[in-house]
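A quick write-up on the structure given underneath.
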Amino acid sequence: MSAHANPNQITDGLVFGYDTGYNISGESLGVGRYFKGPISTNVLLGLTHSRSNTSGANGFVLNGEETVSIPTIGSRSVKYVEYFNNYNNTGDLSCCPNLFYYHSGYIGVESSTSYTYSIIYKHTGNYTHPNFMYRYEYQTDGTYNTEGGVHSTASSRRRHLGDGWYHAWGTFTTQSTTTQLRCYSFLYNYGTTKHKFYVASVSLIKNISGDTHLITPSQLMLKPNTSVSSTQSIIDLKRTTSIDVSNVSFDSNAQMTFDGTDDYIALPSDIRSIFTSYPNCMECVLKKSSSDQGDMVAFDVDITRWNLNYNMYVSNQWSFDFYDGTEHVIAAGNYDDEYVHFVLQQLSDGTMQIYANGVLKGSSAASNLAPNGSSIRIGSRSNGDSRYFNGYIPIMKIYNRALTSVEVASNFTAYKSRFQL
């Protein structure tokens, strides 16, 4: 299988890279199997049928499990409850049947802390309710604190995956004395029509971005009581390197960001060694924030080598260019607050090239751009002079060869629609 989700992308010579699997809207495409989401732990302890099978004149419950195909996620074995509840005619299931619970005993949480509760579900009658994701909060001694539903039908907190399947989420902050929860799914759906309520996955994770929804990618929602560490959050496209993301940030869609103050990814020595000789190549898709007012760097292979650099090329303008420490060798143009596809490479004779959105912006055989792979970071300069990138870098790749113009165009085409380039 190709290392990429898109078969038109070039893999020959690829030695390192990542793709977070997002589009221009920050939505997961379901292709980012190399992106495991932000550092997090799903504190839920299970997904369990909580209602015994019942067959009555005014109520029916049949628990089951079924293998289904969920759009953007794929085939998965999920639990369901087939039911009807004629509560208004002395129903057999009482007011609001609890059909699933997501715990065994209490779930330990931190007090005064923001959590995001996510669920992937389908209801054959298109019914939905905040109590699909419901929590009770307790103190350490079991004293009840509060309760409430978290799910919403608002488009900002629910995405239709297709075929009636939804990925939904909501955020709440635990009370100051809350240390444990119990979590359930309740239904207020009344009548005599039989429906199926499927739940494929549930997740409750502590937010790492204040009160912002930290949305776990739908295709990678964690199994209960499992964790993603800083070196599991992104797996290299070649599956040879775990990428440490402990020094980067994540936005509300769980997309990796660089905040312009202290975010970066340091690459291991075996990848840095690619730049001790040529040919070699860096490829990326990125978006720089116009709020940058400094000399921000997206890629840096030592200040004496070559950079994808932000420098003042024309008065009051910011550009992407090759900079050799003395002059701007190739100016690629100005791109603020828009995604752009870049290829920066050194040919076998040492010639430097830079492509922007598939177009060659210039070449230079500057002799002082000698290989030096002593240090490399994504998102900041490697010499620690506090110059940090502000924006997004959803895709980055390194090759041990230069790409041809046809190959550059092929890779650009593969990303063009996704990022509206």
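Some observations on this one:
- Other-chain or far-sequence residues with amide H under 5 Å of residue 35's (modelled H): 235
- Taking 144, 190 and counting other C-beta atoms within 10 Å, the order from fewest to most: 144, 190
- Distances between placed amide hydrogens fall under 5 Å for residue 341 paired with 357, all partners being 5 or more residues away or on another chain.
- Amide H contacts of residue 388 (H built 1.01 Å from N, under 5 Å, at least 5 apart or other chain): 297
- ³J(HN,Hα), Karplus 6.51/-1.76/1.60, whole Hz, each residue of the range 245-261, x for Gly, Pro: 10, 5, 10, 10, 10, 9, 8, 5, 9, 6, 7, 5, 10, 10, 8, x, 10
- Residue by residue, the range 47-54 carries 3J(HN,Hα) couplings of 10, 10, 4, 10, 10, 5, 4, 9 Hz when phi is fed to the Karplus relation 6.51 cos²θ - 1.76 cosθ + 1.60 (θ = phi - 60°); x denotes Gly or Pro.
- Whole-Hz couplings from phi, Karplus 6.51/-1.76/1.60, listed for the range 13-20; x for Gly and Pro: x, 5, 10, 6, x, 8, 9, 7
- Residues 159, 272, 76 arranged by fewest to most Cβ contacts within 10 Å: 76, 159, 272
- The C-alpha radius of gyration of the range 40-228, expressed as a fraction of 2.2 N^0.38 Å, stands at 1.01.
- Neighbour-count ranking [beta-carbon atoms within 10 angstrom, fewest first] of 123, 167: 123, 167
Each reported figure results from applying straightforward, stated rules to the coordinates on display, with no laboratory input. Here the structure is a predicted model, which means the values were calculated and not measured. Methodologically, a virtual Cβ is constructed for each residue, glycine included, from the backbone with ideal geometry; neighbour enumeration extends over all protein chains shown.
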